[in-house]
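Here the structure is laid out as structure tokens; the discussion comes afterwards.
The values are calculated or read from the model by the stated rules, or taken from the named source; none is laboratory data. For clarity, every value in this text was computed on a predicted model and none was experimentally measured. All Cβ positions, even for glycine, are placed from backbone atoms using ideal geometry, and neighbour counts span all protein chains on display. Only protein heavy atoms, including side chains, enter the accessible area calculation; ligands, DNA and RNA are left aside. Shrake-Rupley method; radii C 1.70, N 1.55, O 1.52, S 1.80 Å.
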Amino acid sequence: MGGVEDEEPALKRMKLSSKGLVALSNGSSSKEPVGGLSRDFMARPLPSKGDEQVVGSKGVIKKEEFVRIIAKALYSLGYGKSGAHLEEESGIPLHSPGVNLFMQQILDGNLDDSVATLRKIAPADESVVRSASFLILEQKFFELLNREKVMEALKTLRTEITPLCINSSRIRELSSYIVSPSPRLDIGRVKSRSKLLEELQKLLPPTVMIPEKRLEHLVEQALILQREACPFHNSLDKEMSLYSDHHCGKDQIPSSTLQILDAHDDEVWFVQFSHNGKYLASASNDRTAIIWEVGINGGLTVKHRLTGHQKPVSSVSWSPNDHELLTCGVEEAIRRWDVSTGKCIQLYEKAGTGLVSCTWFPCGKYILCGFSDKSICMWELDGKEVESWKGQKTLKISDLEIMDNGKEILSICKPNSVLLFNRETKDERFIEEYQPITAFSLSKDNKFLLVNLLNQEIHLWNIEGDPRLVGKYKGHRRTRFIIRSCFGGLKQAFIASGSEDSQVYIWHRSSGELIEALPGHSGSVNCVSWNPANPHMLASASDDRTIRIWGLNSLHNNYQNVPSNGVHHYCNGGS
């Protein structure tokens, strides 16, 4: 800055720059004043509040804070002379004289003096002062022990640390070092006063000591907010620059039909990609399910046709490792299939009642099933019943999920309610809607639930703690059938849904903005699934007996020769 050149990176220097984080061992001291300024090169006092100025076109950035943060960044990057020059030229010191003195006392080992100085520079909040004093005196305690001054260390513990009435368990731990000194001694703390200074910095208010990497944090935060606000951001390859505002185009959204899969002989009711994105499973009114394999070039081909159900197949569920698949017949039975061979390896059924839903436990050792008598049952893979929950736990037509912790079960227990049931504590939480619920979908991080309603709305609920409604999505059509929606795209930033008007709808999750309505199907779109491993691949299942694979327009030409069940199909919005 101003033509001043630095001699070498800060990490190679033994003096302390203003950031106060250079490796200084006990017994060593820095003779350079903290702040990076020589004794004859000190900054002028901070301007009074009446002289406070702002910078930027919006008038919200205080000049003093802005300059101090820039100076802090310069020192952190190793540009010590530039940081010092900025302090001198602006007249705005990075730290007040009192803070500089405090930091120097810590690094020089004048710990008693630093406690006294702390009370002068710290805020009126006594708890902050006590917590900071505890850290300093703990350092003093260890340094005394390290110099084998056991009685002085004991006196410090009894007369200085204990009266602070902070962290009694830590005080007992410190006492153990007196009773039986051992290699368990906190050597890292003994050797590094700069580490102590770093911890103190986290305790003290930012107006006293600016947090480390504050400028970097602000810039990262701005970039992330821009990315999250971008309605079309859906690619890891999209670089972000400080030189311009972030913006993506619609070309990042899978809006072009790349493939039509027509191996089913009747309406397709359900589709779901495997967790690794290598397979797609579909369920149909033709009483079959099909496992499709995603090729290297992204094209899908039939791997196995799964037959054996006596009634239409309503849903499927992939095992956690994607090696097995569950298929659920409508009020019939559940079958477990080996994905590699296509063989049925287990049949689950219960006399006098039909099965309506199924899912896997996260460990992969058990399955969870919903029954037409409104009960839920947990089974071992060999069909042995482990536990059953009676009463109105699920409806005749219901989705079923379990959290990744294997404890909390989600089901539609009443027409307007989703039950979150802890199978260990028996605690129950509820999501109460004002309209009947037709389906739901759990986010990958288990923090959100997407709920489809009878009135053609989709609601997003935050289910951490007490459930709360955080988003609504509208525009699709639903009058007669169960229409399913899903999370998807990069970091699940989008919501996709089927619709009875034969289109696929896509919304931006955060803003709720409808960004695409994709035509192409000729019947109701019953279900959609976004490939979890490929944010540019979306599948939709329809009453027109087909599954459409949606992708980017730029990939269209790559799919012109991809076969599906022996027939070449490609298109771009039409059939």
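Tabulated data for the structure shown
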| read-out | value |
| --- | --- |
| With DNA, RNA and ligands ignored, accessible area of Glu212 (1.4 Å probe; Å², nearest 10) | 50 Å² |
| In order through segment 369-378: 3J(HN,Hα) via Karplus (6.51 cos²θ - 1.76 cosθ + 1.60), integer Hz, x for Gly, Pro | 10, x, 10, 5, 8, 6, 9, 10, 10, 9 |
| Heavy atoms of Trp269 accessible to a 1.4 Å probe, total area in Å² rounded to 10 | 70 Å² |
| Theoretical FRET efficiency, 1/(1+(r/R0)^6), r = Cβ-Cβ of Ala116 and Val60, R0 41 Å, to 0.05 | 0.65 |
| Per-residue SASA entry for His85, accessible area with 1.4 Å probe, Å² rounded to 10 | 50 Å² |
| Cβ-Cβ FRET estimate between Asn297 and His275, R0 fixed at 25 Å, reported to 0.05 | 0.75 |
| Residue-normalised accessible area of segment 336-459, given per residue in Å² at a 1.4 Å probe | 42 Å² |
| Exposure rank, largest accessible area first [Val313, Val294; 1.4 Å] | Val294, Val313 |
| Fully extended contour minus Cα-Cα distance, from Asp245 to Ser417, at 0.36 nm per residue | 57.7 nm |
| Accessible surface of segment 476-524, 1.4 Å probe, proportion on carbon and sulfur as whole % | 47 percent |
| Over 29 Å between alpha carbons, listed pairs Lys62/Lys472; Lys250/Lys472; Lys195/Lys407; Lys62/Lys447; Lys58/Lys250 | Lys62/Lys472; Lys195/Lys407; Lys62/Lys447; Lys58/Lys250 |
| Reach of Lys63 by Cα under 17 Å, taken over aspartates and glutamates that are not fewer than 8 positions away in the same chain | Asp51, Glu52, Glu87, Glu88, Glu89 |
| Extended-chain gain in nm, criterion 0.36 nm per residue less alpha-carbon gap, Asp265 and Val150 | 32.9 nm |
| Efficiency of FRET from Cβ geometry, Arg468 and Ser388, R₀ 25 Å, rounded to 0.05 | 0.20 |
| Stretch gain in nm, segment Lys407-Glu331, where the contour uses 0.36 nm per residue and the Cα spacing is subtracted | 24.8 nm |
| Convex hull volume per residue for segment 306-461, taking Cα atoms only, in Å³ | 114 Å³ |
| When segment 425-554 is reduced to its Cα atoms, the Kirkwood hydrodynamic radius in Å | 15.0 Å |
